[in-house]
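The values are calculated or read from the model by the stated rules, or taken from the named source; none is laboratory data. Since the structure is predicted, the reported quantities are computational estimates derived from the model, not experimental observations. Backbone-built Cβ (ideal geometry, glycine too); neighbour counts: all protein chains shown. Ligands, DNA and RNA are stripped out before the accessible areas are found, and what is left, the full protein with its side chains, is counted by its heavy atoms. Shrake-Rupley method; radii C 1.70, N 1.55, O 1.52, S 1.80 Å.
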2 protein chains.
Amino acid sequence: MKYDELFALLRRRGVLWPSAEIYGGVQGLYDYGPLGTALKRRLEEAWTAWFVGLSPDYHLIQPSEFLPEAVVRASGHLENFTDPEVTCESCHAAFRADTIVEKVRPDGVDGLTPAQIGEILRANQLKCPNCGSPALSVPTPFNLMFPVELGVTGHERAYLQPETAQGSYLAFARMWDVGRHALPLGIAVIGKAYRNEIAPRQVLFRLWAFTQAELQIFFDPAGFPVPFAQVAAEPLPVLRVDRRQQGEEAPEFVRAEELVRSGGLPEFYVYHLAQSYRFYRDVLGYPADRLRLFEKSDVERAFYNRIQFDLEAHLESLGGYKELGAVHYRGNYDLSRHSEGSGKDLSVHPTGREPLLPHVLELTFGVDRHLWALSDLHLGKDGERTVWKLPPYLAPVTVGVFPLIEKDHGAYALEVADELVREGLAARYDDASSIGKRYARMDEAGAPYCVTVDGESLAEGPAKGTVTLRARDSRSQERVPVRELAPRLRAAVRLPRPPRS
Amino acid sequence: MKYDELFALLRRRGVLWPSAEIYGGVQGLYDYGPLGTALKRRLEEAWTAWFVGLSPDYHLIQPSEFLPEAVVRASGHLENFTDPEVTCESCHAAFRADTIVEKVRPDGVDGLTPAQIGEILRANQLKCPNCGSPALSVPTPFNLMFPVELGVTGHERAYLQPETAQGSYLAFARMWDVGRHALPLGIAVIGKAYRNEIAPRQVLFRLWAFTQAELQIFFDPAGFPVPFAQVAAEPLPVLRVDRRQQGEEAPEFVRAEELVRSGGLPEFYVYHLAQSYRFYRDVLGYPADRLRLFEKSDVERAFYNRIQFDLEAHLESLGGYKELGAVHYRGNYDLSRHSEGSGKDLSVHPTGREPLLPHVLELTFGVDRHLWALSDLHLGKDGERTVWKLPPYLAPVTVGVFPLIEKDHGAYALEVADELVREGLAARYDDASSIGKRYARMDEAGAPYCVTVDGESLAEGPAKGTVTLRARDSRSQERVPVRELAPRLRAAVRLPRPPRS
C-alpha cells in the first residue's frame, strides 16, 4: 500500500495514531492503540526469544533511561552526537543540512565537514525550503540529546538516553560480578531512546522517542567461538561497499562461508549477521527478495565501528530500502571510554586467561520501524479482502470466537473464548453484524484463526463439542473438538528460537 | 528483612542496583538486572490479565510519554503539580518542605499554604539539615515536571508525562471511535512517569522515572453496573477518615456490602476497591494482615478526586505502611478540562442514551514499588534457607534444571531445559557446584521448582524418562515423567484472572 492509505488504515483500526490528536497532534509523536500495543509486545517477546536465546549467557536487563552527564561525556555523545543544522538568515527556520542538500546529494552528508556542506549549499544555489531565500547559514552542529535538570537546584544534569546501548555498558561490571565470569557475555535491553531530531518525519522512522531492542555481546577478541556451521551455507543478500561504488543498489546473494573465506569478514560477525537476517526472514516473515544487508563504508560508519552492515527492507509505503537494524562491531571503544570516564578499570579476568578489555558486537533493532515494516510487508489486499498476514505468534489477536446466532450460541461461544483466554491465548469474542463482517474485521486485525460456535456444537455437549476453525490465509475451514483448540493454537503461537548450538 | 540487608541481597543477586554504579550511582535512579527485569515483566502481565481482564471493553494502549504544553496546561499540571520547596538562605541547599517539618508534623504538609508551612518552620525553630542555619525561606512552589524543548528552535515545549493517566484521556476520543460506542470503556496504560522530586529517597519508592500501571474507566454516572455479588461478602481492611481522626492506625475488616449499605460508598467504587485488594492478596500473595485500604480526607486528596482510598502494605524494610496504589473517583474533571483545552467536545453519545461527558474511575498501581514489596513480603529466611516465595506465575525463573553429575547427565539435562524453554517456560540449566548450592541459588531467585536429571532418567530412555521434581516451598520431591513437566509447569504459571461476570 501507499503511505497515506496504510497510515489511514492503521489509524482507523486503532493500531496507531498521532499523539495528542485532539490538540492537533505533534509530528514525531505517536500513540499505539490496542492492536499496536499487543503487536509491539509480541514483537519484543519474539526478539527476546531469538536473540537472548542465542546463548544462556545472554540476559535481558532494564537500565535507567536517564544518563548522568559524566556518562555521555565519556561516551562521546556530548561532543559528537550532533546533526549539522542550517538556519535561514531571512525567516529563521532551521533545517537538517541533509534534507536541504538531498536533491543534489542523495547519499546524505555523512563524513562531510560543516564547511564542505556550506560549499555544496553555495555551489548549488540551494534555497530555504520555507521562504525561498538563498541566505542559508553555514551548518552548525546541533546536539540531538534532550537534557533534563534533576532536582531543585538543577546542579545534576542528566540526559535522556540517545541509545539503549549505554545502559548495557554501564551495567557490564555488575553483570560480570553477578554472572559466571566468562566471555562471551550478552546484555540485552529493550527500552526507549530519545533524539531531538531537527525535523522528525516519516511516521515511526524518525521519532523523538522510540523503542530500541539491542544486544551487546562482550567477547574476547582472541576468540569468539560461534556455531558457524549452522549458517555457513546460508545465502545472504549483501550489498558491499565495492559494488555500491559501482552504482549498484540491488543486493547479491553470497553464502555466509564465502563472506568469511574471500570476503574478509570474521566468522563471529557473519554468524550474527546471518542470525539477524534469519530473524527478519524466518521469524518476522519478511520476503527474502525485499531484504538487503547494506555495508557501510569507512566514512559512513561511526569511527569506532570496525564493521557495519545495516539490515534494510524495501518498503512500498516509503518508496525504497529503509534501515530497520544493524550489526556493529564496535571494538573495545565503549568499555575503554567508560574505564577512563569512571576511573574504574573495566578489564575482566576470565578463568584461565589473561585480563583483557572485552570487545563489543552490537545487534541493534528498531522496534517502531519494524511495526511499520510488519504493516507494509504483511498488510494488503488479497482479492477483495484486506488481510494482515502476520505470523501467528506476532498477531495481536490469535483467534476470533463467534456465535453463529448470538441469541442461541452466544453463551457457549463466550465460554469458549473465556476458556482460551484463561489458557493464556489472545481470544476475542465478537457477535456484531454478520459472520462475513466478523471474518473481515479479524482479517484486518491479523488474527490467524477464527472459531464459530453453532447448533452442532451445542448438540454435541460441552465435553465433546466441535466448532468450525477457519484459517486466515487459506480460508480453509475444518471441524475441531473444542478441547483441541487450546493445544493447537498454543502450538501455532509458540515463539521460534534459534537452533541449539 | 531490614532495608540495608534486603537491598544488599537484591543487588548481589542482580535484581536491581543503583544506576551508573561505576560512576558512583545517582540517587533516585536504578537499573533492573536479569531477575528484576523478568519479575517486572511478569508483574505487568499479571496486572494486565487481572485489571484489563475485568471487561472485554477494557484495552491496553501505549501512548507517547511526551505531553505538549497545551495538554499539561489544560490538565492543571503546569499550575498545580508542585511541591513546596524550602531554600536555605545561608548555604543555598534546597529541600522539600515536608522533609523539614516531618519531625514536628509527621502527616506531611498536604493542604497547607506556603505561609502556613513558613509559620511551622518559624514556630518550631527548624534549621537547615545541611548547614544548621535557621535562615530558611518561606516555601515556594516547585514544579515537578521535566520540560523538554523539541526541535532546533525550542519553539515546541513538551513535558515528560508526570502520570500515565493523561495519555488515556487524550486517547479517549479515538478509542471511542474505534470501539463499539458503549460505556463503560476502560483504557489501561503501563508506562513511565517522570517527576523531578526535590530529593528522591527510599529505593523504588520515590524515583525520578518510574513505571505506572493505570486503568482509567470511563463510565456513565447515571449507572455503572458491576457484578457486585462477587465481592459483597468480602471483608476489606479499611481505615476510614473518622477512625483516623480518632488516632487509629490499624485497619478494621468491614464487608464490602457494609461499606455500601452504611458506609456511604457507591457500589461501583467498592467493587473496584475490592478487586484491587484481591489482586494484592490473591494474585501477588501479600498477607491480608499486612494490607490497609487508607481513606484520604478532603484536604489530603486532589480537589477533583471525589473518593480516594490508597492501597498500602506494611513493609518491614521501610518501617511502616507504604502506598502501593490507589482507587480514585475523579468525576468528569479530566474530560471537561481537555474538552476546554483542546476545543474538542469529548461528550459521547452511547446508543440509546443522551449525550454525556463520562466520569472516570482510576485504578493506579506503582510497578517499581510493588517490586520492592514483593521482595519485602516474600523474600526472607526459612530456617537456614533464604527463600523468595514468589507466586509461581511471577517468579523470574520457573524451573531450575540440574544434572546430578554433569559429565554423565549434563547433555540430557540441557535437552530437558531446552525443550521447556521452547515450550515457553522460564527454565534455567545449572551445573555449577553441588546440588545443594544449586537449590539455594534457585530458592533465592524465587524459582518455584527444580528438576534433577540422574542415571535413572537416562536408563529409562528419552520417551519414558522420569526426573526428580522438587518444590521450593514444601521441599517435597517426587518422580515425574519428563513429558509431564511442561503441562504441569504451565498450569502452575497460568495467570490468575478475575471470575467471569
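Overview of results
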read-out: Some residue of the range B:325-340 being in contact with an Asp or Glu (Cβ under 7 Å, 6 or more places away or on another chain), among the hydrophobic types (A, V, I, L, M, F, W, C), surrounded by fewer than 20 Cβ atoms within 10 Å (Cβ to Cβ) and more than 30 Å from B:Asp443 (Cα to Cα); value: no
read-out: Residue in the range A:413-425 that is part of a strand (DSSP E or B) and open to solvent by 60 Å² or more (accessible area, probe 1.4 Å) present; value: no
read-out: Matching residues in the range B:18-35 - criterion: being facing another protein chain (nearest Cβ under 7 Å) and either without any contact (Cβ under 8 Å) to a residue 12 or more places away in the chain or crowded, with 24+ Cβ neighbours inside 10 Å (or both); value: B:Ser19, B:Ala20, B:Glu21, B:Ile22, B:Tyr23, B:Val26, B:Tyr30, B:Asp31, B:Tyr32, B:Gly33, B:Pro34
read-out: Residues that are within 27 Å of B:Glu423 (Cα to Cα) and either more than 30 Å from the chain's Cα centre (by Cα) or among the basic types (Lys, Arg) (or both), drawn from the range A:369-413; value: A:Lys389, A:Val401
read-out: Residue within the range B:341-349 that is at pLDDT 95 or above, out of contact with any helix residue (DSSP H, G or I) (no Cβ under 7 Å at 6 or more places or on another chain), open to solvent by 50 Å² or more (accessible area, probe 1.4 Å) and at positive phi present; value: yes
read-out: Residue that is nearest to B:Leu39 (Cα to Cα), among those in the range B:182-213 that are facing another protein chain (nearest Cβ under 8 Å) and hydrophobic (A, V, I, L, M, F, W, C); value: B:Ala209
read-out: Any hit, the range A:391-407, residues being open to solvent by 10 Å² or more (accessible area, probe 1.4 Å), of a type outside the set (S, T, N, Q), touching a Leu at 6+ places or on another chain (Cβ under 7 Å) and not in a loop (DSSP other than H, G, I, E, B); value: no
read-out: Whichever residue in the range A:197-217 is of a type in the set (Gly, Ala, Ser) and within 28 Å of A:Ala171 (Cβ to Cβ) and, among such residues, is most open to solvent (accessible area, probe 1.4 Å); value: A:Ala209
read-out: Qualifying residue in the range B:134-145 (condition: open to solvent by less than 20 Å² (accessible area, probe 1.4 Å) and aromatic (Phe, Trp, Tyr)); value: no
read-out: Matching residues in the range A:295-316 - criterion: being open to solvent by less than 30 Å² (accessible area, probe 1.4 Å) and over 15 Å from A:Gly108 (Cα atoms); value: A:Glu295, A:Asn305, A:Ile307, A:Gln308, A:Phe309, A:Asp310, A:Leu311, A:Glu312, A:Ala313, A:Leu315
read-out: Any hit, the range A:107-118, residues being over 26 Å from A:Gly320 (Cβ atoms) and either touching a strand residue (DSSP E or B) at 6+ places or on another chain (Cβ under 6 Å) or at pLDDT 90 or above (or both); value: yes
read-out: Residues satisfying the stated conditions in the range B:122-149, i.e. within 14 Å of chain A (Cβ to nearest Cβ) and assigned to a loop (DSSP other than H, G, I, E, B); value: B:Cys128, B:Pro129, B:Asn130, B:Ser137, B:Pro139, B:Leu144, B:Met145, B:Phe146
read-out: Residue that is most open to solvent (accessible area, probe 1.4 Å) [pool: residues in the range B:218-230 that are of a type outside the set (A, V, I, L, M) and assigned to a loop (DSSP other than H, G, I, E, B)]; value: B:Pro225
read-out: Members of the range B:1-17 found to be aliphatic (A, V, I, L, M) and either open to solvent by less than 10 Å² (accessible area, probe 1.4 Å) or at the interface with chain A (Cβ under 8 Å from one of its Cβ atoms) (or both), listed by number; value: B:Leu6, B:Leu10, B:Val15, B:Leu16
read-out: Test set (1) open to solvent by less than 10 Å² (accessible area, probe 1.4 Å); (2) on the phi > 0 side of the Ramachandran plot - B:Gly319 fails condition number; value: (1)
read-out: Options B:Thr466, B:Thr452: the member that is in contact with an Asp or Glu (Cβ under 7 Å, 6 or more places away or on another chain) and either in the same structural domain as B:Arg438 (by TED's automatic domain parsing) or on the phi < 0 side of the Ramachandran plot (or both); value: B:Thr466
read-out: Some residue of the range B:174-181 being more than 11 Å from chain A (Cβ to nearest Cβ) and open to solvent by less than 30 Å² (accessible area, probe 1.4 Å); value: no
read-out: Pair list, Cβ < 6 Å and 6+ apart or interchain, from the range A:277-303 residues that are on the phi > 0 side of the Ramachandran plot to residues that are surrounded by 14 or more Cβ atoms within 10 Å (Cβ to Cβ) and outside any strand (DSSP E or B); value: A:Gly285/A:Pro391
read-out: Tally, over the range B:441-465, of residues that are over 13 Å from B:Val399 (Cα atoms) and open to solvent by 20 Å² or more (accessible area, probe 1.4 Å); value: 9
read-out: Members of the range B:41-61 that are facing chain A (nearest Cβ under 7 Å) and open to solvent by less than 40 Å² (accessible area, probe 1.4 Å); value: B:Leu60, B:Ile61
read-out: Failed condition for B:Cys88, given (1) in contact (Cβ under 8 Å) with a residue 12 or more places away in the chain; (2) more than 24 Å from the chain's Cα centre (by Cα); (3) open to solvent by 20 Å² or more (accessible area, probe 1.4 Å); value: (3)
read-out: Only listed residue being under 30 Å from B:Ser317 (Cα atoms), among the β-branched types (Val, Ile, Thr) and out of contact with any Gly (no Cβ under 8 Å at 6 or more places or on another chain), chosen from B:Val148, B:Val152, B:Val203; value: B:Val203
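Matching residues to (1) in the same structural domain as A:Gln245 (by TED's automatic domain parsing); (2) among the acidic types (Asp, Glu):
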| residue | (1), (2) |
| --- | --- |
| A:His77 | yes, no |
| A:Glu89 | no, yes |
| A:Gly118 | no, no |
| A:Arg122 | no, no |
| A:Pro129 | no, no |
